[in-house]
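Below: the structure, in structure tokens.
The values are calculated or read from the model by the stated rules, or taken from the named source; none is laboratory data. Remember, it's a predicted structure, so these values are computed and weren't measured experimentally. All Cβ positions, glycine included, derive from the backbone under ideal geometry; neighbour counts span all protein chains shown.
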Amino acid sequence: MIQDLPSCDGCTRRIASPLLEFPFILFSPLTKTDRMPTPKLHLEGPKKAKICVALAHGAGEGWDSRFLDYFANGLADLGYRVARFEFPYMAERATTGRRRPPDREEVLRACWLEVIQSLPSEHIVIGGKSMGGRIASLIADESQAESPVGGLVCLGYPFHPSGKPEKLRVEHLAELQTPTLIVQGEIDPFGSRDEVLSYNLSDAIELHWVPDGDHSYKTRRGSDRSQDQNFKNALRAIDKFIQPLWPELMR
């Protein structure tokens, strides 16, 4: 069962979001200069779990998308405490019903750092879908000073905009120190297997390839695999990645 922690505005309303991903659309301007309020956390999994996995949504979907539901529920069933949240622009959509572009990168990064500070565990893995995972990768090393992050999991990393492979978003990945798992579809239009294998990535990054999967691990028509099979494949890879991070804590 999902547990909602109170937010600064007390909002608990949820609305459905279309199953779309827009990892590289324009950001709306920053409107507040004071400290980022801590987002409301949606928690599930055992309260006494020793490891907490925090997942952020992609650009076009909220915390309760079908994609994140699967992985959050699956990790909770495996014994992890799972936290989900929404970036400010998506939380605003839940209250107004109006779509707006993602916040500026500085706001998204500040939001992630506030979430890390509020997580109910000393053993933390962060990540998420597409944009959510990309922003997590930008602050994973930065967060080590105050709340060490033990691992990073990116579910469909947007290495470049769809159809624009020359506009890479990989520079920081060459120097990343946090142990990282990128679960990438083999035919992801935001970074296919052939493309990604040519990039200069840190030795801290492990790549797991989802067979015949796109950005959300869907397969091509006529494939001998299904999206559900790919979801299960990805979930196993995540669990296998997390276990060695704190071997003394594992069941």
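There is no residue in the range 183-201 that is among the charged types (D, E, K, R) and farther than 30 Å from S223 by Cβ. A single member of P148, P211 is modelled with pLDDT of 95 or more and not hydroxyl-bearing (S, T, Y), and it is P211. Quick check on this structure: which one of S216, S162, S198 is assigned to a loop (DSSP other than H, G, I, E, B) and modelled with pLDDT under 95? Result of the check over S216, S162, S198: S162. Inspection of the range 54-67 identifies at least one residue that is of a type outside the set (G, A, S), under 16 Å from G156 (Cβ atoms) and assigned to a helix (DSSP H, G or I). Considering V107, V170, the condition of being modelled with pLDDT of 95 or more, touching a Pro at 6+ places or on another chain (Cβ under 8 Å) and either surrounded by fewer than 19 Cβ atoms within 10 Å (Cβ to Cβ) or farther than 30 Å from S226 by Cα (or both) is satisfied by V107 alone.
Looking only at residues of the range 70-84 that are out of contact with any strand residue (DSSP E or B) (no Cβ under 7 Å at 6 or more places or on another chain) and touching a residue at least 40 places away in the same chain (Cβ under 8 Å), we find that the one that is nearest to G132 (Cα to Cα) is Y70. Criterion applied to A83, A76 was being surrounded by 22 or more Cβ atoms within 10 Å (Cβ to Cβ) and of a type in the set (G, A, S), and the one residue passing it is A83. Residues that are touching a strand residue (DSSP E or B) at 6+ places or on another chain (Cβ under 8 Å), of a type outside the set (K, R) and farther than 26 Å from N73 by Cβ: does the range 218-229 have at least one? Checked the range 218-229: no residue is touching a strand residue (DSSP E or B) at 6+ places or on another chain (Cβ under 8 Å), of a type outside the set (K, R) and farther than 26 Å from N73 by Cβ.
Counting only residues that are out of contact with any Asp or Glu (no Cβ under 9 Å at 6 or more places or on another chain) and outside any loop (DSSP other than H, G, I, E, B), which one in the range 93-109 is farthest from I139 (Cα to Cα)? Spell out the reasoning first.
Looking only at the range 93-109, we keep the residues that are out of contact with any Asp or Glu (no Cβ under 9 Å at 6 or more places or on another chain), and these are 96-97, 99, 101-108.
Imposing the further condition that a residue be outside any loop (DSSP other than H, G, I, E, B) reduces the set to 96, 103, 105-108.
On the way: T96: 29, D103: 16, E105: 11, E106: 10, V107: 12, L108: 10 Å.
Of everything passing the filter in the range 93-109, T96 is farthest from I139 (Cα to Cα).
Criterion first (surrounded by 14 or more Cβ atoms within 10 Å (Cβ to Cβ), assigned to a helix (DSSP H, G or I) and within 16 Å of the chain's Cα centre (by Cα)) does F231 satisfy it? Answer is yes for this residue.
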